[in-house]
Amino acid sequence: MFANFDFDVIERSWRYLFVTGMAFTLRLTLFAMAGGIVFGTLLAMMRLSSIKPLAWVAGTYVNTLRSVPLVLVIFWFYFLVPYIGAWVLRSDTPIQVGAFASSLLTFVMFEACYYCEIMRAGIQSIPRGQVSAGYALGLTYWQSMALVVLPQAFRNMLPVLLTQTIVLFQDVSLVYVLSITDFVGAASKVAERDGRLVEMYSFVAVIYFAACFALSQFVRRLQARIAVVR
Amino acid sequence: MIKISGVSKWYGSFQVLTECSTEVAKGEVVVVCGPSGSGKSTLIKCVNGLEPFQAGDIAVDGISVGDPKTDLPKLRARIGMVFQNFELFPHMTVTQNLTLAQIKVLGRSRDEALAKGLALLDRVGLKAHADKFPGNLSGGQQQRVAIARALCMDPIAMLFDEPTSALDPEMINEVLDVMVQLAQEGMTMMVVTHEMGFARRVADRVIFMDGGRIVEDALKEEFFGTPRSERAQLFLSKILGH
């Protein structure tokens, strides 16, 4: 069955696939995760705020972005950000935004919605009395969040946050629609140049599977280890 | 020290507190009792502003709790509070629990906070447990750490919200002993509890609440001798009858 296949193409191109493609994918994943968790946590705090307008703004933002396919958001951002940037900076010409910056911004904004919902569940899992105890000791809202609630919420939610990051790692491949050379983008360039589509895409699938499977196994182990003693 | 005047509170249209007024003088120990749902926990949480109230006012050391201009965190730092479920921070060691607010709120140095924390931990008899996590302590031990944590802030008054209700019977006394000692040292205390033995031993006054109202506010001898209200008589006969 594999008689007509030429797997040598992988041997010839792996350096390019990993050094250029995978490096970009990992960089984007990690930065988007960090930004997404920070922004998502702020969104979660807004959604749980007793100040109604804040809760409404965050809720609307999250629900809107979650109702739109990621590919569309990537397109919009890529084409609109230069104009929005120009409008904000009152410049006459669209500003120059690199592919990395544009896609990073997109993923941070988009993934923040999912991280937000995870952190919201995490914050709500902390008994109300913990916040009261913090307040009773004289801590302010921000102190009791930063010192009491969020550390526990992160700990409780770490496995889910990492699972979402695995999804993010896969979603990053969508930047391929912007002709960015991520892992999939690099593979498709080689595939089309050498006419070896099946071999290359199979290889990409195997790598993704191996990476995600290993990560999810790691998450499972972690889950058992970090259960907080109450 | 604590002056509660005409406090009323509603959850939506349901009134949980109706025109509650009382006072706790400096060095006085006041026990608040009553059936569950009578609003006693809600009232004590109003004293340090953990629960907002819609009418009346509470002043602690002359500072109004209800006034929106009051710096609540600053005021709360001076009032110790002990909760029914201990509420130690489970992701921190005992020592970290004891020093956190001293460092972050009072701005004490780490060494100073640690010295204070360990001294108070020793006082509640738990010096050996300094580096443990709360989850590895028994309920009674956790509550004693919680009391030490509140005392670390050098409070001008202590609020206890059913401090022994979540404890196994054999652990209740170790916590009450600490509280009795505190009372005898002259700490101003407001204690919500069902422990009538404790009330008899150290309380100056007993407040009886029912249906969100203060039904009886009397000196201890009067309260246990001849409670004026029928409701308090019934309550006493039920919990002292066995």
**Study point:** Criterion (farther than 21 Å from A:Val160 by Cα and either open to solvent by less than 50 Å² (accessible area, probe 1.4 Å) or modelled with pLDDT of 95 or more (or both)) met by exactly one of A:Gln130, A:Gln96
**Key:** A:Gln130
Check your understanding: Do you know which residues across the stretch A:181-215 are touching a residue at least 24 places away in the same chain (Cβ under 8 Å) and loosely packed, with under 14 Cβ neighbours inside 10 Å?
Key -> A:Val198
**Study point:** Residue in the stretch B:44-59 that is most open to solvent (accessible area, probe 1.4 Å), counting only those that are within 13 Å of another protein chain (Cβ to nearest Cβ) and touching a helix residue (DSSP H, G or I) at 6+ places or on another chain (Cβ under 7 Å)
**Key:** B:Glu51
Check your understanding: Would a scan of the stretch A:38-53 turn up a residue that is touching a helix residue (DSSP H, G or I) at 6+ places or on another chain (Cβ under 7 Å) and without any contact (Cβ under 8 Å) to a residue 24 or more places away in the chain?
Key -> yes
Practice item. Out of the residues in the stretch B:31-43 that are crowded, with 23+ Cβ neighbours inside 10 Å and not small (Gly, Ala, Ser), state the one that is farthest from the other protein chains (Cβ to nearest Cβ). Key: B:Cys33
Review point. Only one of (1) at the interface with another protein chain (Cβ under 10 Å from one of its Cβ atoms); (2) in a helix (DSSP H, G or I); (3) in contact with a Leu (Cβ under 6 Å, 6 or more places away or on another chain) is not met by B:Pro73, so which one is it?
Key: (3)
Review point. Does the stretch B:5-26 contain any residue that is part of a strand (DSSP E or B), more than 10 Å from every other protein chain (Cβ to nearest Cβ) and among the acidic types (Asp, Glu)?
Key: yes
**Study point:** Residues satisfying the stated conditions in the stretch A:91-109, i.e. without any contact (Cβ under 8 Å) to a residue 60 or more places away in the chain and part of a helix (DSSP H, G or I)
**Key:** A:Ala101, A:Leu105, A:Thr106
Check your understanding: Looking at the stretch A:1-58, which of the residues that are among the basic types (Lys, Arg) and more than 30 Å from A:Ala121 (Cβ to Cβ) is modelled with the lowest pLDDT?
Key -> A:Arg12
Point to revise | Members of the stretch A:141-168 found to be surrounded by fewer than 17 Cβ atoms within 10 Å (Cβ to Cβ) and either more than 19 Å from A:Arg225 (Cβ to Cβ) or acidic (Asp, Glu) (or both), listed by number | key: A:Tyr141, A:Trp142, A:Ala146, A:Val167
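The values are calculated or read from the model by the stated rules, or taken from the named source; none is laboratory data. For clarity, every value in this text was computed on a predicted model and none was experimentally measured. So basically every Cβ, Gly included, is an ideal-geometry build from the backbone, and we count neighbours across all protein chains shown. Heads up: the accessible areas ignore ligands, DNA and RNA and are worked out on the full protein's heavy atoms, side chains in. Shrake-Rupley method; radii C 1.70, N 1.55, O 1.52, S 1.80 Å.
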